[in-house]
1. Using Cα centres only, tell me the gap between the stretch A:61-132 and the stretch B:105-124 in whole Å.
2. For a test of the definition: using alpha carbon positions, the gyration tensor, and the 1.5 limit on a/c, classify chain A as rounded, prolate or oblate.
3. Over the Cα atoms of the stretch A:2-75, what is the Rg over Rh ratio if Rh follows Kirkwood?
4. What percentage of all Cα-Cα pairs in the stretch C:397-448 are separated by more than 14 Å?
5. Take the Cβ-Cβ distance between C:ALA324 and B:ALA49 as r, set R0 to 22 Å, and report the resulting FRET efficiency rounded to the nearest 0.05.
6. Let me see the pair-distance distribution of the stretch B:166-285: every alpha carbon pair, 10 Å bin width, integer percents in order.
7. Measure off 7 Å from each Cα along the Cα-to-Cβ vector at B:ALA179 and C:ALA105, then give the distance between these two points in nanometres to one decimal.
8. Return the Rg/Rh ratio of the stretch C:245-297 with Cα-based radii and a Kirkwood Rh.
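Bear in mind these aren't lab numbers, they're just calculated from the coordinates by the rules spelled out. Note that this is a predicted model, so its numbers are computed, not measured. Here the Cβ is made from the backbone with ideal geometry for all residues, glycine too, and neighbour counts use every protein chain on show.
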Amino acid sequence: MTAYIGRRLLQMIPLMFGISLVLFALIQAAPGGPEGALLQGGRMVDARMLDAYRHRLGVDKPVPEQYVRWLGAALSGHLGVSYSSSQPVSKMILERLPATLELMGVSFLLAALAAIALGIFSAVKQYSAFDFLGTGFSFLGIAMPVFWFALILQMVFGVWLKWLPISGTHTVGATSFSDHMEHLVLPAAVLSLRYIAGWSRYLRSSLLGVLRADYVRTARAKGLPERVVVGVHAVRNALIPVVSVMALNLADLFSGAVITETVFAWPGIGRMFVQAMLARDYPLLMGILLLGSVMVLIFNLVADVVYAALDPRIRYD
Amino acid sequence: MTDEPRSPAAEIWRQLRRHKPAMVSLVVFLVIAAACLAAPVIAPYPFDAINLTGIRQAPSLHHLMGTDDLGRDLFTRVLYGGRISILIGILSAVLGTGLGTLVGALAGYYGGRIDSLLMRVTDVAYAIPALPLLIVLASYTQAGVGSMAVIIGLLSWMGTARVVRGEVLSLRSAVFVEAARALGASSGRIIGRHILPNAVGPIVVGATLAVGNAIIVESSLSFLGLGVQPPIPTWGNLLQDATSTMATNPWLTIFPGLAILVVVLAVNFLGDGLQDALDPTGRST
Amino acid sequence: MDHVRRTFPTMSALVWLVAAAACGSGSGDAANGSIGGRRILRIAYLREIDVLNPFTSQNLVDIEFSMMEGLVTTDDHNSYVPVLAKEIPTEENGLVTRRDDGTVAITWPLHSGVRWHDGAPFTSADVCFTWRFVSSPGSQTYNRDQYLGIKACDTPDDTTVVFTWDGLYGYYDGLFEAVLPEHVFRGMSTDQIVNDEGFNRGRTTLGTGPFRLAEWKSGEYIRVVRNDDYWRGAEYPRIDEIVWSFIPDDNTRLNAIKSGGYHWSQIQPVQVKDVAHLPGYHVHLISSNSVMHLDLNVGTPHGRLLFGDPAVRRALFHAIDRRAIADQLMEGTVALADTPLNPTSPYHDESVQGYAFDPSLARRMLDAAGWWPGRDGVRTKEGQRFSFTLLNRAGSADRTAVGQVIQAQLRDVGIEVGFETLESAAWTQRWRTGEWEALVSAWFLSADPSLTSLYQCDGPNNMTGMCDPGLDSIMEASDRRLDFAGRKPLLNQVQERLHDDAFTLPIYYNVVPEVVSDAVGNYRGSGTNFGSFWNLWEWTLR
C-alpha cells in the first residue's frame, strides 16, 4: 500500500506540470490585465501610468517568458509575489487556508452525518412517506441556488431571530469557542446541504442492494434483531462505495466554498480567488488554482485508499 | 416479470412510469418548459417593456408576479428567463454528455495508448477545481447564452467519460460485439449501434442531472457577476438582481428562485426515477 | 426496527438545522456596544483593502486615515481643511509667493509637538521625504503626476515646509493627504518602499493619527486602538477601538447592519427603504463626487459617423429622461446631475441646466440632421443605420439598469442600442483602448475641481476622443489660478462648454447611503474620494 501511495504521489508531479501550463495559458489569455485594478471604485488614474504598472509587474513580457519566471518562483516554494498586496503568494494562501479547511471539514462531517442517517432510513423504509420527504428535503440542497439559500438563512437566523451571527469567523474582541461555532453554523449548513442528497441517495441504493444479499438474509434467519442486522452488517458494507464517493466530493467542496465564503465573508481562499480574478492577480490565481488541483488529486488518492482499506477484496500494490 | 421481452427503452419507460415522483416531475418539467417555449405567445407584455412609473410593484391581477426594478412584468421576464436557463441547461448537458460519451467510448473501445492519452487529458481536466475554472473562463467572452452553455458543457464531460469508458470496456468483448465484428461492421458502427445503446442508462441519468446542475451553475455565476447579463433575462440573473431588495420586495426573488427550485427538483427526481428504472439492484421488490 | 424508526428520522431531518438552534444563544447584539468597558466602534466595510501605504494602495483609501494623517483632508463640504498643517497656504495669507524666476514658493506651517506612533517626532523632513517618494518614477502613486510640478522641498525648521513649484497649479492644496515616516523607510529605495511588507501589512505601519494599528486579519478585519499620545490633546480620540469588518457582499452587509452588530455601513441606494426605519439607526444619503454619466465615443470611425455632429449628440441627450432615472429608477435617492461637479463643491455652476427630456424635439433634431426613420423604425442616413453598442460592465447593477433605460428611450426616437457586457477587468481594457461606442460610467473625483485630465484633447483620462481646443485653453487657465475668485468663473465656463459640446451626459451624482448608529456622534459624512472617516478623531460612541 505504501508503495502504491508513493507511486501515485510521484505520478502527480508531471500531472501538476501539465496543469500549471494549461492554467497559466488560460489565465494569461483572459482579456483584461492587472492594471485594471488601479481603476477600482472609479478612481481617476493617469491612463499612461497603467502601462508603467504593467511593465513593473512584467506582464508586458511574452507569456512563455513569464511562465518560466513563474515556474522558477513556484519551484523555489513561495509561488511568486502577489500583484495587489506585494506579499509572497504562499504566505497569503497559508494565512487563509485554515479557514477554508475548517469550513470544508465541518461541512463534510455535517453532510456525512445527515446523509448516512437519511440514507439508512430511506433504504429501510423504501417508498415510505419518509423516504420521499427525506429525498425531497435533500434535493432542496441541490436545487436551491446557494447564494439565495444563504441570504434567506441570514435573514431568518440573523436578522429576524437574532440567533446567529451573519458573517465572519468570530466577534472581534470577544473570542470564545462557542462564539466561533456560532459563526460557523450558517456557512457550514449552506455548504453541507448540497452534498446530503447525493450521498444519501447513493447510500440508499447501496444499502438496498446489500439488504438483499445472502449474508444479510442469513443474519436475519439466525434471528438477530433487525437493528443489529441493519446497523452492524448491512450498513458497514453499504458504506464502502459511499465513502469513496464522499472523498471524491471533498474536492468539489472546495468549489462550493468559493460562493459560500463570498456570501458569508468567511476569510478563506475561495473568496480570495474571486478577488484575485477581478484584479487579474496572476501569481495569486495560479497559486490558488494549483492548490485546488493538488487537493483534488489528493482527495482522489484518499478515495482510492479508503476504498481499498474498507473493502477487503481490493488490494493495490 | 412475465411480460414478453421489450426493447430497452420500453422497459425503462415501463419502470419509470411506476416511479410516481419521477412522473410528476416529468409532467411539471414539460409544462414549465412548454410555457417558457411559448413565452412570445402567452407572455402578457414584451419582455423589455420598461415602465419607470411602476417599478417593483407587488403581484396583482395586472402583473401576476409583480414588476421588477425597471417596471417590467416579472411573469414575462420569468417566462423568457426560463427559455434561456432551460436552453443553457439542455445545451450544456448535451454538449458535456456528448463529449464525455465520445471520449469515453474512444478510450474504452480502442484501449492502449489512445486510452491512456485520453484518460490523462480527463485527469487534468478533472483535477482543476470546476467553479474557479468556470470563473476564469466566464471572463473570456461577452457573457452570452451560447458561450455560457459551451463553458458549462466543457467542464462537465469528465464524469461521463469515465463512466462510459468503464461500460465500453466491459462490453467490447461481449459476444454480440464479437459477432458484429466478425460480420465486418466498422468500429464506428460497432460503437454506435452495439455498444453505446447498452450503456445508455448511465448516460441518460448523467445528462438529466447535468441539466439541473447547469441551471444552478449559471445562477452561481450570476451571483459572481459572470453569468448571462441583462437585458437578457435568465432565472439566475433575475434572482441575483433582485437580492438587494429581497427584504422589501420579496416576490422579486421568490418567483425566479422558485422557478429554479422547481425545475431543478423535477430534473433530479426524474434522474432518480431513471436511476431506479435502470438499476436492477434498486428495483422495487 | 422500532428503534430505527424513532432515531433516524429525527437525526436525518434535524441533525443539520438543530445544530443552528442549539448554538443560538443570542449573539447578534452582543457585538454592539462595549466589551470590557472599552468603546468599540464596529464598521461593516465593503471591501478588503490591499496595502496600508495610502500612496501605493490601489483602492480608494479611507481606513488608513484613522492611522495616518496628511497636511490636509477633505471635509463634508468638498473643501480641503488642514490637519498636520496649521493652515492652508493662499496668496491672501502670504504663504503663496511668486518668485521672479516664475516659480512659486508655497509655505506650509506645521503643528508642533506631533509624534509618530513610535514616539519619534514628526517633522518637516517627513513631508519632504514623502514628496521624494511619491514623485519618484517607481512609486506607482495614482496621482503622481500632480506632484511633479514641485521642483524642490526645503525645511527651514522642523515645523515649516517650503515647496518650490514650477508655476501656478490649482491643485497644490489637495496633495499630501498622508505623510510617510522617514525614519521607518530610511535607506530604502522606492521599489523597496513599495514592496515593504512591514509597512504595507501592519508590522511597522505607523502614522500620527488618532488610532494605532492593532491587527489585520487577512480577509476578515482591521482593528485599530486609541493613540493615547494624540497631538490634538489627551481627550482625543474619544473611542477606544475601531474594527472594520470586510463584508464585500452587498446583501450580507445589509443583513449584518440589520442584525444590530455594527455601528456604520455603506449600502446600495435601492436598499435605503429597507433600513429607513431601522430603530437606532439613521441613513445618510451622501452625495458623492462620483457622477454617473453617458459617454459617446468619437474616437472610432463608426463613432464619428454617428456622433460626429454636435446636433445629433444633443438630440440623443434630449431623448434621455434623466429625471425619471434619478427620481424613479433610483427612487429619488440620488440628485440629478447637470455638470460633473457636485453642488456640494463651491465650484459647481448652478446656471448650467442639463438637457431637458423632450423626445419630439430630439426627433426633429435628428430629422434636421438627415437621420430619417427607416422601415424597421431605426433611423438611417446615406444607408447607415443609427445603431450602436453600449459597452456594459458586468456586475454593476446600477449602470446596467441605467443603460437599459437609455436603450429603451433611444429606441423611442428611432435609435437602436445593443448591449455588450464584459467582465470588469476586460471592460477596463476595452475602455482604455477606446474600442467602444458608448458607455455608462462614473468617475470618483477629488475635491479639487480640475476637469482637465478628463476632457482635454488626448488627456490621460479622456477616452472618448473628444477634442475642443477652446475648452482646453480655459481648463488650463483654470488650473493656473489659485484663488477662488479667479478660478470660479473659468470653471463655470468649462462646465458650460462641456454641456454645449455634449460628448458626455451627466445623469446623476452617485449617492453613498451610509447607515449610522444613533450611538455615534460627530459623524459628518463626506462624498469625496477620501470618504467619511476624515474626522474620526472627534467621533464619539455612546
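1. A separation of 28 Å, based on Cα centres.
2. Working: a/c = 2.89, a/b = 1.64, b/c = 1.76.
Since a/c reaches 1.5 but b/c is at least a/b, the shape of chain A is classed as oblate.
3. On the way: Rg = 17.8 Å, Rh = 14.9 Å.
Checking Rg against Rh, the ratio lands at 1.19.
4. On the way: 818 of 1326 pairs.
Beyond 14 Å sits 62 percent of the P(r) for the stretch C:397-448.
5. Details: r = 15 Å, r/R0 = 0.67.
Here the calculated transfer efficiency is 0.90.
6. Per 10 Å bin, starting at 0, the Cα pair percentages come out as 12, 27, 21, 18, 14, 6, 2, 0.
7. Using points 7 Å along Cα→Cβ, the separation is 10.8 nm.
8. On the way: Rg = 13.7 Å, Rh = 12.8 Å.
Checking Rg against Rh, the ratio lands at 1.07.
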